[in-house]
Amino acid sequence: MLEVVQIPCLSDNYGFLVHDPASGQTISIDSPDADAITRMLETKGWSLTAIWNTHHHFDHAGGNAALVARWNCQVIAPKGDAKYIQNADRWVEDGDEVFVGTIKARVLHTPGHTMGHVIYVFDQQRKAFVGDTLFALGCGRLFEGDASNMWPSLQKIRDLSPQTLIYCAHEYTADNLRFALSVDPENQQLLERGAAIRQAREKDQPTVPFLLETDLQTNPFLRPDAPAIRAKLEMQGASDVEVFAEIRRRKDGF
Ligand code: ZN
Ligand code: FE
């Protein structure tokens with residue numbers, strides 16, 4: 001069993017602690033806010049074993065040095081972002097395995113938002129920590145890669161078990177919902193999810209984590225093959241990556 005603690009921090013980030021009671025080990029997925037993460041560790045009575053970085057952005061790796069200083073923890077970071085993340089103890093790439101105690105996670109390389117971006121997938125526990133690659137009803141901006149990088153990355157997530165719980169790094173869902181409705185306005189499941197999202201956000205409740213299955217039915221960035229979206233964009237004859245690129249382009253200007 002894994003215990004996951006979600007830490008809202010900065011303006012709209014989520015930090016995550018992943019704790020294995022059997023070994024006593026605790027991982028921090030990224031380091032958005034070292035003080036908030038340290039306070040939560042102290043509250044839980046845990047000590048930090050390692051940071052697993054998804055990518056090099058400041059709101060993901062900016063707390064590495066302070067957490068290492070406080071906890072003497074290891075840093076595991078994506079090889080492709082190595083020129084921006086100093087002092088990792090281990091560089092990981094696609095297909096590598098990392099462990100909390102004896103519990104295994106797979107590393108998947110998901111370039112697009114940054115070229116080195118990785119996600120961490122606990123297949124048995126059906127949990128995936130996806131950083132800024134996938135968001136509820138959205139996906140990361142293409143800061144370093146382009147659609148031809150990001151679409152295969154999202155396909156890797158599409159191929160996970162639909163029962164996987166997705167832990168993304170930002171609470172962007174309400175904004176993403178408005179955009180999703182603009183390209184897929186008649187999707188009944190999206191309309192229903194939208195009502196639930198609005199209700200949750202009115203009460204300041206998180207919309208993260210969420211079930212991959214729900215996003216597969218409602219997130220336009222995972223559905224460039226959906227006939228209704230293709231019709232709305234007048235792109236019936238285009239390839240999936242072309243439709244994905246157009247959806248991403250429209251969201252950038254939304
Ligand atoms: Zn980022
Ligand atoms: Fe971010």
Within region 54-94, residues being open to solvent by 10 Å² or more (accessible area, probe 1.4 Å), charged (D, E, K, R) and not in a loop (DSSP other than H, G, I, E, B) number 4
So is HIS113 outside any strand (DSSP E or B), under 18 Å from TYR167 (Cβ atoms) and not acidic (Asp, Glu) or not? yes
Region 148-172, residues that are more than 11 Å from the chain's Cα centre (by Cα), open to solvent by 10 Å² or more (accessible area, probe 1.4 Å) and within 16 Å of ligand 1 (Cβ to nearest atom): ASN149, TYR172
Just give me the residues in region 122-140 being within 16 Å of ligand 1 (Cβ to nearest atom) and assigned to a loop (DSSP other than H, G, I, E, B), in sequence order. ASP132, THR133, ALA136, GLY140
Got a sec? Which of ILE37, ILE51 is β-branched (Val, Ile, Thr), within 16 Å of ligand 2 (Cβ to nearest atom), in a helix (DSSP H, G or I) and out of contact with any Pro (no Cβ under 9 Å at 6 or more places or on another chain)? ILE37
Determine, yes or no, whether GLU144 is surrounded by 14 or more Cβ atoms within 10 Å (Cβ to Cβ) and of a type in the set (D, E, K, R). yes
Before we move on, is ASP175 over 14 Å from the mean Cα position of the chain (by Cα) and of a type outside the set (S, T, N, Q)? yes
Mind counting the residues in region 100-127 that are more than 16 Å from ligand 2 (Cβ to nearest atom) and either closer than 17 Å to PRO78 by Cβ or open to solvent by less than 10 Å² (accessible area, probe 1.4 Å) (or both)? 8
Would you check which residues across region 5-47 are over 16 Å from PRO209 (Cβ atoms), touching a Phe, Trp or Tyr at 6+ places or on another chain (Cβ under 8 Å) and among the acidic types (Asp, Glu) and list them? none
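The values are calculated or read from the model by the stated rules, or taken from the named source; none is laboratory data. Given the structure is predicted, the values throughout are model-derived calculations rather than measurements. As a convention, Cβ positions derive from the backbone with ideal geometry for all residues, glycine included, and neighbour counts pool all protein chains shown. For the accessible areas, the whole protein counts, side chains as well, though only heavy atoms, and no ligand, DNA or RNA atoms are used. Shrake-Rupley method; radii C 1.70, N 1.55, O 1.52, S 1.80 Å.
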